[in-house]
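Participant: Dropping a structure here in structure tokens format, bear with me for questions.
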Amino acid sequence: MVGLATGGALHAADFDADATINIGSLYEPQNLDNTAGAGQGINEAFNGNVYEALFRLSDDGAVEPVLAKDTKVSEDGLTYTFTLQPGVTFHSGEPLTAKDVKYSIERVTSSESKSSRKNSLKTIASIDTPDDQTVVIKLSERAISLPYNLSYVWIVNDAAKDLQSKEDGTGPYKLEEWRRGSSLAVGRFDKYWGAKPSNGEVVFQYFTEATALNNALLTGAVDVITSVQSPDSLAQFKDNADFTVAEGKSTTKLLLAYNDRVAPFDNVKVRKALARAVDDKKLLNAIWGDYGTLIGSFVPPTDPWYVDLTKVDAYDPESAKALLAEAGYPDGFTFTIDTPNYDPHPVVAQFLQSELAKVGVKVNINVITANEWYTKVYKAHDFQATLQEHVNHRDIVFYGNPDFYWGYNNQKVTDLIKQSEASATTDEQTAKLKEANTLIAEDAASNWFYLYPQIVVSAKSVSGYPVNGLNSQFFAYGIKKSVD
């Protein structure tokens, strides 16, 4: 199923326009600012709900205009002129102006920004605001993905303060309360410039363990789970008339990321050996049963430059041992995996520990919190290997940035990714990224295990929620709750 979960057809009189929708999630934000290392939870709660951008990535993967009413591109592709939607106000009551857009883009591209998309916007040479409704962006070179990359730039009021604990967006909801460790509530913004939400309030309820999350749905404490984390839990919902199970398309990849800067992971033979030592199919089955998809690279089938690379470094323990010997490790070696403390990472780490032991490699497991992961791994690069899920759409570009946390550095790949962005056509862009994707896989830059399934489960009484979960976003404004 793709798009929105419709459930039973609800007519205007059939749903409560002021209902509170309780959403269950495992991903609480670390803070409320997506330029400050807030994690995927802030995208789920705030993207499109509290904050909007010039463009939006729809649930089916299309790039749609939001705050940009009109876009003009110069013949040489170096100048983009955006006309803003009229009559837009921030939650504080201030009007949206071109200066707010300029400020918001510069927040993302600043040296202090922790946005993973900062590097994707580095071709911006200048931003001009000739009047309150017009933004002119000039590029140092072509950037075919500029509208897509701008969908990651939330437009904030240039006078807003303390955005890690407060907000001032233009979206259909405004922040009501954030109870750290428990919940985050947003309420309908009555002066919203666009279509009115189909509900009055949305409360994200946070859990650290999948079983507790499922129990909350079973007992009616939540109305919908944004992404089911275990196939074992599905049986209690699939054959129960009180619930709807919707399967969408996922962009969430589970991988073992090496620190490619340090030995032995700076050796491509070692990385390829570890890839061949792990039975990805067995792992996927252990975690997800019949759900999920094996992938041989960082690129999911929903990206235009997908190539089936599952046969590159396929499961072959004997070949893994031979490669380790060639790399100078005939008796194996010992390393530590830093793993987030939430499902399914600790269990996956134990599986890898068992698999790699069969080829003489000893794995130590260090379980850390999401905050520790960000500080130790993402920011300080103080790790050997780490388990992580990457949720972003079209994120192969991270392998073209040698400064990214995993430190992969292949000049040909960096050049291909850069050239792809300067492409005049999408066909040219796709061809270059397919080539880059193949090289990254041949280098075994990381160890990609599988693509998560995207399964949303809800009470039968709610409908209209997104099911694809691209970039972990979860648009709540279309969710309807039937009248009892």
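Participant: Within region 136-154, count every residue that is in contact with a strand residue (DSSP E or B) (Cβ under 7 Å, 6 or more places away or on another chain) and of a type in the set (Val, Ile, Thr).
Facilitator: Going through region 136-154 one residue at a time, the tally reaches 2.
Participant: Something else now. Looking for something open to solvent by 20 Å² or more (accessible area, probe 1.4 Å) and touching a strand residue (DSSP E or B) at 6+ places or on another chain (Cβ under 9 Å) - is there at least one such residue anywhere in region 318-335?
Facilitator: yes
Participant: Going by the conditions given, is Gly24 open to solvent by less than 20 Å² (accessible area, probe 1.4 Å) and more than 30 Å from Thr208 (Cα to Cα)?
Facilitator: Working: open to solvent by less than 20 Å² (accessible area, probe 1.4 Å): yes; more than 30 Å from Thr208 (Cα to Cα): no.
Criteria not met by Gly24.
Participant: Within region 125-154, how many residues are closer than 24 Å to Thr430 by Cα and under 23 Å from the mean Cα position of the chain (by Cα)?
Facilitator: 11
Participant: Which ones in region 18-59 are part of a loop (DSSP other than H, G, I, E, B) and modelled with pLDDT of 95 or more? Write out each step before concluding.
Facilitator: Initially, region 18-59 is screened for residues part of a loop (DSSP other than H, G, I, E, B), giving 18-19, 26-39, 48-50, 52-54, 58-59.
Answer for region 18-59, where residues must be part of a loop (DSSP other than H, G, I, E, B) and modelled with pLDDT of 95 or more: Asp18, Ala19, Gly48, Asn49, Val50, Glu52, Ala53, Leu54.
Participant: A further question on this structure: Under 6 Å between Cβ atoms, which residue pairs at least 6 apart in sequence (or on different chains) link something in region 152-181 that is on the phi < 0 side of the Ramachandran plot and modelled with pLDDT of 95 or more with a partner that is aliphatic (A, V, I, L, M) and open to solvent by 30 Å² or more (accessible area, probe 1.4 Å)?
Facilitator: From residues that are on the phi < 0 side of the Ramachandran plot and modelled with pLDDT of 95 or more, the pairs are Glu167/Leu175.
Participant: Can you tell me which residue is surrounded by the most Cβ atoms within 10 Å (Cβ to Cβ) among those in region 243-267 that are among the small types (Gly, Ala, Ser) and part of a strand (DSSP E or B)?
Facilitator: Residue satisfying both the conditions and the ranking: Ala257.
Participant: Continuing with this model, one more query. For Lys418, indicate whether it is of a type in the set (D, E, K, R) and modelled with pLDDT of 95 or more.
Facilitator: no
Participant: Still on this structure, please answer the following. Return yes or no: is Ile137 under 17 Å from Lys72 (Cα atoms), in contact with a Ser or Thr (Cβ under 9 Å, 6 or more places away or on another chain), buried (at least 16 other Cβ atoms within 10 Å of the Cβ) and modelled with pLDDT of 95 or more?
Facilitator: yes
Participant: Spot the failing condition for Thr208; the list is (1) part of a loop (DSSP other than H, G, I, E, B); (2) surrounded by 18 or more Cβ atoms within 10 Å (Cβ to Cβ); (3) β-branched (Val, Ile, Thr), and only one is missed.
Facilitator: Unmet condition: (2).
Participant: Name the residues in region 364-390 that are among the β-branched types (Val, Ile, Thr), surrounded by fewer than 21 Cβ atoms within 10 Å (Cβ to Cβ) and in contact (Cβ under 8 Å) with a residue 12 or more places away in the chain, would you?
Facilitator: Ile365, Val367, Ile368, Thr369
Participant: Looking at region 315-353, which of the residues that are hydrophobic (A, V, I, L, M, F, W, C) and within 31 Å of the chain's Cα centre (by Cα) is nearest to Ala263 (Cα to Cα)?
Facilitator: Applying the filter and picking the extreme gives Phe335.
Participant: A follow-up question, please. If I ask for residues that are in contact with a strand residue (DSSP E or B) (Cβ under 7 Å, 6 or more places away or on another chain), part of a helix (DSSP H, G or I) and over 12 Å from Val153 (Cβ atoms), which ones from region 77-121 would you list?
Facilitator: Scanning region 77-121 gives Ala98, Lys99.
Participant: Exactly one of (1) part of a strand (DSSP E or B); (2) touching a helix residue (DSSP H, G or I) at 6+ places or on another chain (Cβ under 8 Å); (3) of a type outside the set (Ser, Thr, Tyr) is unmet by Leu283. Its number?
Facilitator: If we test Leu283 against (1) part of a strand (DSSP E or B); (2) touching a helix residue (DSSP H, G or I) at 6+ places or on another chain (Cβ under 8 Å); (3) of a type outside the set (Ser, Thr, Tyr), just (1) comes out false.
Participant: Looking only at residues that are modelled with pLDDT under 95 and part of a loop (DSSP other than H, G, I, E, B) in region 433-456, which one is farthest from Lys311 (Cα to Cα)?
Facilitator: Among them, the one singled out is Pro453.
Participant: Where the second residue is in a helix (DSSP H, G or I) and not hydroxyl-bearing (Ser, Thr, Tyr) and the first is closer than 28 Å to Tyr148 by Cα and lies in region 304-320, which pairs have Cβ atoms under 6 Å and are six or more apart or on separate chains?
Facilitator: What qualifies is Trp305/Leu433; Trp305/Lys434; Trp305/Asn437; Val307/Lys434; Val307/Asn437; Leu309/Ala441.
Participant: Right, Ser92: hydroxyl-bearing (Ser, Thr, Tyr), surrounded by fewer than 21 Cβ atoms within 10 Å (Cβ to Cβ) and farther than 19 Å from Phe55 by Cβ or not?
Facilitator: So Ser92 passes the test.
Participant: Sticking with this one: Determine which single condition Tyr342 fails, assuming it passes every other condition in (1) crowded, with 17+ Cβ neighbours inside 10 Å; (2) part of a strand (DSSP E or B); (3) not hydrophobic (A, V, I, L, M, F, W, C).
Facilitator: All conditions are met except number (2).
Participant: Also, I was wondering about something else. Can you tell me which residue is farthest from Gly169 (Cα to Cα) among those in region 60-69 that are open to solvent by less than 20 Å² (accessible area, probe 1.4 Å) and in a loop (DSSP other than H, G, I, E, B)?
Facilitator: Checking each candidate, the answer is Gly61.
Participant: Check region 217-236 and report whether any residue there is farther than 30 Å from Asn43 by Cα and surrounded by fewer than 20 Cβ atoms within 10 Å (Cβ to Cβ).
Facilitator: Taking region 217-236 first, the residues farther than 30 Å from Asn43 by Cα are none.
Checking region 217-236: not a single residue is farther than 30 Å from Asn43 by Cα and surrounded by fewer than 20 Cβ atoms within 10 Å (Cβ to Cβ).
Participant: Mind listing whichever residues of region 345-363 are surrounded by fewer than 15 Cβ atoms within 10 Å (Cβ to Cβ) and small (Gly, Ala, Ser)?
Facilitator: Ser354, Ala357
The values are calculated or read from the model by the stated rules, or taken from the named source; none is laboratory data. Quantities reported herein were computed from a predicted structural model and do not represent experimental measurements. So basically every Cβ, Gly included, is an ideal-geometry build from the backbone, and we count neighbours across all protein chains shown. The area values use the complete protein model at the heavy-atom level, side chains included, leaving out ligands, DNA and RNA. Shrake-Rupley method; radii C 1.70, N 1.55, O 1.52, S 1.80 Å.
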